[in-house]
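Peer 1: Please find one structure pasted underneath; my questions will follow.
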Amino acid sequence: DATVDDVRKMLVDDPTNPDDTQFENSFSGLIVKSPPIQKYILLQIERFYADNPDTEPIDSITVEHILPRNIPEGSKWKKLYDAADHERLLHRIGNLTLLKKEENSTVKDWDFDKKCDKAFGSSTIKITNELVGIPKWNIPKDEKDPVKIEDWSEEIIKKRQIKFSVIAVNVWKFE
């Protein structure tokens, strides 16, 4: 019978498994449509990043789409994203965060700045709470089509996902 150490060695030595750089590159473009898998990935990232294995109880949290699944007519989201962009970015890990169930049912389709003010800033979940600090990420505006830095942009989604990919390499390390 194989032990855990045997299985680990087999996985590490398997030439078909990605090295850290390959894993990070793959993760940086990851799109996950399954809510349970989204939740699992985000919880593991949160637990490692916050250095707290006892983050919120799993049953009390849900996955929040920062760029919402349903964009209300007349919202700021409609001005920032056409249908194709919305579909392409919606399920990227960088567009997702964790919220307590009661908070998630409240924020729904709010604009990003309102979500920050009313929910993200008071969250005890680190990957969610730090969303309020996004303007400090110093992401330059596109001069042709300026978007206020407070807006949730494709560039921020990608940068956040890259940040998560670096964390993910450590979360799912085979050493």
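The values are calculated or read from the model by the stated rules, or taken from the named source; none is laboratory data. Every value quoted in this text rests on a predicted model; they were computed, and no experiment measured them. Here the Cβ is made from the backbone with ideal geometry for all residues, glycine too, and neighbour counts use every protein chain on show. For the accessible areas, the whole protein counts, side chains as well, though only heavy atoms, and no ligand, DNA or RNA atoms are used. Shrake-Rupley method; radii C 1.70, N 1.55, O 1.52, S 1.80 Å.
Peer 1: Report the normalised scattering of segment 1-51 as log10 I(q)/I(0) at q = 0.13, 0.28 Å⁻¹, calculated by the Debye formula with identical scatterers on the alpha carbons.
Peer 2: Log10 of I(q)/I(0), two decimals: -0.49, -0.99.
Peer 1: How high is the relative contact order of the chain, given as a whole-number percent (alpha carbon pairs under 8 Å, six or more residues apart)?
Peer 2: Working: 185 pairs, mean separation 53.9, N = 175.
Over the chain, the number comes to 31 percent.
Peer 1: If the chain between residue 60 and residue 172 were fully stretched, how many nm would it gain, using 0.36 nm times the residue separation less the Cα-Cα distance? Display every interim value, and only then the final one.
Peer 2: Values: separation 112, 0.36 × 112 = 40.32 nm, distance 2.41 nm.
The residue 60-residue 172 span can extend by a further 37.9 nm.
Peer 1: Starting from the alpha-carbon convex hull of segment 50-135, give the projected area averaged over all orientations, in nm².
Peer 2: Working: hull surface 23.6 nm².
Value for segment 50-135: 5.9 nm².
Peer 1: Could you work out [θ]222 nm for the chain from helices alone, using -39500 (n - 2.57) per DSSP H run of at least four and dividing by all its residues? Round to the nearest 500 deg cm²/dmol.
Peer 2: Details: 9 runs with 81 residues, N = 175.
It comes out at -13000 deg cm²/dmol, rounded to the nearest 500.
Peer 1: Would you please name the trypsin sites (Lys or Arg not before Pro) within segment 12-62 that are DSSP coil residues with at most 10 other C-beta atoms within 10 Å of their C-beta?
Peer 2: Details: sites: 33, 39, 47; in loops: 33.
For trypsin sites (Lys or Arg not before Pro) across segment 12-62 that sit outside H, G, I, E and B with at most 10 neighbouring Cβ atoms in 10 Å, the list reads 33.
Peer 1: Per-residue accessible area for residue 126 at 1.4 Å probe radius, Å² rounded to 10?
Peer 2: About 90 Å², ignoring ligands and nucleic acids.
Peer 1: Sort 69, 92, 160 from largest to smallest accessible area, using a 1.4 Å probe on the heavy atoms of the protein chains. Show your work: numbers first, answer last.
Peer 2: Values: 69 140, 92 30, 160 0 Å².
Reading off the accessible areas and sorting them downward yields 69, 92, 160.
Peer 1: Mind scanning 9/163; 9/39; 39/163; 118/163; 39/101 and naming the pairs with a C-alpha gap bigger than 19 Å? Walk me through the intermediate numbers first.
Peer 2: Working: 9/163 28 Å; 9/39 28 Å; 39/163 17 Å; 118/163 24 Å; 39/101 12 Å.
Over 19 Å apart, Cα to Cα: 9/163; 9/39; 118/163.
Peer 1: From the C-alpha gyration tensor of the chain, pull out the three semi-axes of the equivalent ellipsoid (sqrt of 5λ each), sorted largest to smallest, in whole Å. Mind dumping the intermediate values first?
Peer 2: On the way: eigenvalues 194, 73, 41 Å².
Here the semi-axes work out to 31, 19, 14 Å.
Peer 1: With springs only between Cα atoms under 10 Å, which of 30, 42, 90 fluctuates most in a Gaussian network model of the chain?
Peer 2: Result: 30 has the largest fluctuation of those listed.
Peer 1: Could you state the accessible area per residue of segment 1-43 in Å², with a 1.4 Å probe and every protein chain left in place?
Peer 2: Values: 3160 Å² over 43 residues.
Roughly 74 Å² per residue, with all protein chains present.
Peer 1: Could you tell me what fraction of 2.2 N^0.38 Å the Cα radius of gyration of segment 57-106 comes to, as a two-decimal ratio? Mind showing how you got there, number by number?
Peer 2: Working: Rg = 12.2 Å, N = 50, 2.2 N^0.38 = 9.7 Å.
That works out to 1.25 for segment 57-106.
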